[in-house]
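The values are calculated or read from the model by the stated rules, or taken from the named source; none is laboratory data. Treat the numbers as computed from the prediction; the structure is a model and nothing was measured. Positions of Cβ are backbone-derived with ideal geometry, glycine not excepted, and every protein chain shown enters the neighbour counts. To get the accessible areas, we keep the full protein, side chains included, count just its heavy atoms, and leave off ligands, DNA and RNA. Shrake-Rupley method; radii C 1.70, N 1.55, O 1.52, S 1.80 Å.
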Amino acid sequence: MDGFAGRTLVIATMHQKEQVIAPLVEAALGVRAIVPSAFDSDRFGTFTRDIPRSGSQREAARQKAEAALAATGATLAIASEGAFSPIRRLPM
């Protein structure tokens, strides 16, 4: 993983997903994870379809990542098109 060590990785989110993702990628890859300020990931569509996507989930995630790279000048990005939270039907 030396190719990633010390690099900046941008997480394309506005919904605090970095709270889960950042510690994992920082520890595994040796990167410094950041979130772009005032980043509106919902402009690419939402998984609930409240805001329609122009393409697939994969395309929306790619668009988010590319926009985050452009906004920050970073060369690594992570984006998702979905949500994660506790599964209510499974006991915690």
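Within a Cβ distance under 14 Å of L69, other residues only, what is the Lys/Arg minus Asp/Glu net charge?
Working: positive: R7, R62, K64; negative: E66.
Value of the local net charge: +2.
Helix-only estimate, please: 222 nm mean residue ellipticity of the chain, summing -39500 (n - 2.57) across DSSP H runs of length 4 or more and dividing by its residues, to the nearest 500.
Numbers: 2 runs with 28 residues, N = 92.
My calculation for the chain gives -10000 deg cm²/dmol from helical runs alone.
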**Report entry** region 45-76 versus region 15-31: alpha-carbon centroid distance in Å
**Finding:** 18 Å
Query raised in the report: Hey, what do the phi angles of region 24-35 turn into as Karplus ³J(HN,Hα) couplings, whole Hz, using 6.51/-1.76/1.60 and θ = phi - 60°, x for Gly and Pro?
Result: 5, 6, 5, 5, 6, 10, x, 8, 10, 8, 10, 10
**Report entry** Gain upon complete extension [T75, A5; 0.36 nm per residue less C-alpha separation]
**Finding:** 23.9 nm
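What's the carbon and sulfur percent of the chain's accessible surface, probe 1.4 angstrom, rounded to a whole number? Show your work: numbers first, answer last.
Values: 3340 of 6100 Å².
Carbon plus sulfur share of accessible area: 55 percent.
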Query - For the chain, accessible area per residue (1.4 Å probe, heavy atoms of protein chains only), Å² - result: 66 Å²
